[in-house]
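A.B. asks: Got a structure for you, written out below as structure tokens; questions coming shortly.
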């Protein structure tokens, strides 16, 4: 069953009428009803297109968090064959908020690392809503070092509100783990591609997003803090999250303008949650294109290119 966001109510009403007419068509004048259905479907499609053409930053935040939006495991299932997941950081334990392993992307061996939020209550609890603990980032470092040793490119899928801020995580060195993961990304002698598929929140995102190429889905967001967190700090009022989202410049379009990301990946009309398979397919094309640009570069050139990319941030024309 499709889940609608608050601002999608006009579309929801039209599509509800379509479903009602379809139910009536089973017992009434199917020909006349079919014409009404076609007309309403066209009207709903146009309303959806117009709505998504002018989303506000806060509306994009809602889309990026949509519960039916494809997550890390969906992308792995759709793009990676022979995927073998790895578990544990060899220091403390396993963290299911980070899914990591090796597989084949279009016939080529790759390392894949990503945040997994979960799709239902049980899986969300298991994956801690995509908020990784220190052992998750240490697992990511372990796999990045393995990929570097065997000359395999690294693909990361970012979708997190931020690293887990719990007491246990802090006691086990959350900040240090994030810093080491970021350093591991920067030190790789193999190409790495990062894709922000939903939320890219704070150091929890940058820990695996410091890549040669950073791609971002059209309605994803990327920020140092959530709009609610910023509103709480600036105004001590989380109801001002909408205002904060607008002021923070968190959209993919803002990120390209500031030189933070390299490419925006177009989403199906109505967002990736409307057509997950299409969104996954176009993301695969973008990853393949980015990898082809880096193919054949020697290790030092790969590192230098990545280093220069991040050193120039903040100097880009606005």
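For every residue, the table says whether it meets (1) under 19 Å from residue 98 (Cα atoms); (2) outside the structural domain of residue 302 (by TED's automatic domain parsing); (3) surrounded by fewer than 23 Cβ atoms within 10 Å (Cβ to Cβ); (4) in contact with a strand residue (DSSP E or B) (Cβ under 9 Å, 6 or more places away or on another chain).
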site	(1), (2), (3), (4)
184	yes, no, no, no
194	yes, no, no, yes
197	yes, no, no, yes
203	yes, no, yes, no
211	yes, no, no, yes
218	no, no, yes, yes
222	yes, no, no, yes
225	no, no, yes, yes
228	no, no, yes, no
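A.B. asks: Could you tell me which of the residues 102, 83, 150 is surrounded by fewer than 24 Cβ atoms within 10 Å (Cβ to Cβ), in contact with a helix residue (DSSP H, G or I) (Cβ under 6 Å, 6 or more places away or on another chain) and on the phi < 0 side of the Ramachandran plot?
C.D. replies: On the way: 102 fails: in contact with a helix residue (DSSP H, G or I) (Cβ under 6 Å, 6 or more places away or on another chain); 150 fails: in contact with a helix residue (DSSP H, G or I) (Cβ under 6 Å, 6 or more places away or on another chain).
None of the other options fit; the residue is 83.
A.B. asks: Considering the stretch 230-251 alone, what residues qualify as being part of a helix (DSSP H, G or I) and without any contact (Cβ under 8 Å) to a residue 40 or more places away in the chain? Explain how you work it out, then say what you get.
C.D. replies: At the first step, the residues of the stretch 230-251 found to be part of a helix (DSSP H, G or I) are 230-234, 238-248.
Matches in the stretch 230-251: 230, 231, 232, 233, 234, 238, 239, 240, 243, 244, 247.
A.B. asks: Checking the structure you have, find out if any residue of the stretch 252-263 is in the same structural domain as residue 300 (by TED's automatic domain parsing), in a helix (DSSP H, G or I) and buried (at least 19 other Cβ atoms within 10 Å of the Cβ). First the steps, then the outcome.
C.D. replies: Pass one, the stretch 252-263, residues in the same structural domain as residue 300 (by TED's automatic domain parsing): 252-263.
Narrowing the set further to residues that are in a helix (DSSP H, G or I) leaves 252-258.
If we keep only those that are buried (at least 19 other Cβ atoms within 10 Å of the Cβ) too, we end up with 252, 255.
Yes, because at least one residue in the stretch 252-263 is in the same structural domain as residue 300 (by TED's automatic domain parsing), in a helix (DSSP H, G or I) and buried (at least 19 other Cβ atoms within 10 Å of the Cβ).
A.B. asks: Then there's this: Can you find, within the stretch 80-133, the residue that is farthest from residue 184 (Cα to Cα) among those that are touching a residue at least 24 places away in the same chain (Cβ under 8 Å) and in a helix (DSSP H, G or I)?
C.D. replies: Going through the qualifying residues, I end up with 126.
A.B. asks: Would you confirm whether or not the stretch 199-210 contains a residue that is assigned to a strand (DSSP E or B) and farther than 12 Å from residue 161 by Cα? Show your work before the answer.
C.D. replies: Going through the stretch 199-210, the residues assigned to a strand (DSSP E or B) turn out to be 199-201.
Checking the rest, the ones that are also farther than 12 Å from residue 161 by Cα come to none.
Within the stretch 199-210, none of the residues are assigned to a strand (DSSP E or B) and farther than 12 Å from residue 161 by Cα.
A.B. asks: Okay, next question. Determine which single condition residue 54 fails, assuming it passes every other condition in (1) without any contact (Cβ under 8 Å) to a residue 40 or more places away in the chain; (2) touching a helix residue (DSSP H, G or I) at 6+ places or on another chain (Cβ under 8 Å).
C.D. replies: With respect to (1) without any contact (Cβ under 8 Å) to a residue 40 or more places away in the chain; (2) touching a helix residue (DSSP H, G or I) at 6+ places or on another chain (Cβ under 8 Å), residue 54 is out only on (2).
A.B. asks: Hey, residue 75 hits all of (1) touching a residue at least 12 places away in the same chain (Cβ under 8 Å); (2) surrounded by fewer than 21 Cβ atoms within 10 Å (Cβ to Cβ) but one; which does it fall short on?
C.D. replies: If we test residue 75 against (1) touching a residue at least 12 places away in the same chain (Cβ under 8 Å); (2) surrounded by fewer than 21 Cβ atoms within 10 Å (Cβ to Cβ), just (2) comes out false.
A.B. asks: Output yes when any residue across the stretch 134-142 is crowded, with 21+ Cβ neighbours inside 10 Å and closer than 17 Å to residue 290 by Cβ, and no when none is.
C.D. replies: Among the residues of the stretch 134-142, not one is crowded, with 21+ Cβ neighbours inside 10 Å and closer than 17 Å to residue 290 by Cβ, which makes the answer no.
Matching residues to (1) in contact with a strand residue (DSSP E or B) (Cβ under 6 Å, 6 or more places away or on another chain); (2) under 21 Å from residue 113 (Cα atoms):
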site	(1), (2)
38	no, no
42	no, no
48	no, no
52	no, no
59	no, no
64	yes, yes
78	no, yes
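A.B. asks: Just checking, how many residues over the stretch 278-311 are in contact (Cβ under 8 Å) with a residue 40 or more places away in the chain and closer than 18 Å to residue 52 by Cβ? Walk me through how you get there before you give the answer.
C.D. replies: In the first step, residues of the stretch 278-311 are kept if they are in contact (Cβ under 8 Å) with a residue 40 or more places away in the chain; the result is 279-281, 283-284, 286-288, 290-291, 293-295, 297, 299-300, 302-303, 305-307, 309-310.
Okay, now just the ones that are also closer than 18 Å to residue 52 by Cβ, so 279, 283.
Of the residues in that region, 2 qualify.
The values are calculated or read from the model by the stated rules, or taken from the named source; none is laboratory data. Note that this is a predicted model, so its numbers are computed, not measured. Every residue, glycine as well, gets a Cβ built from its backbone with ideal geometry; the counts of neighbours run over all protein chains shown.
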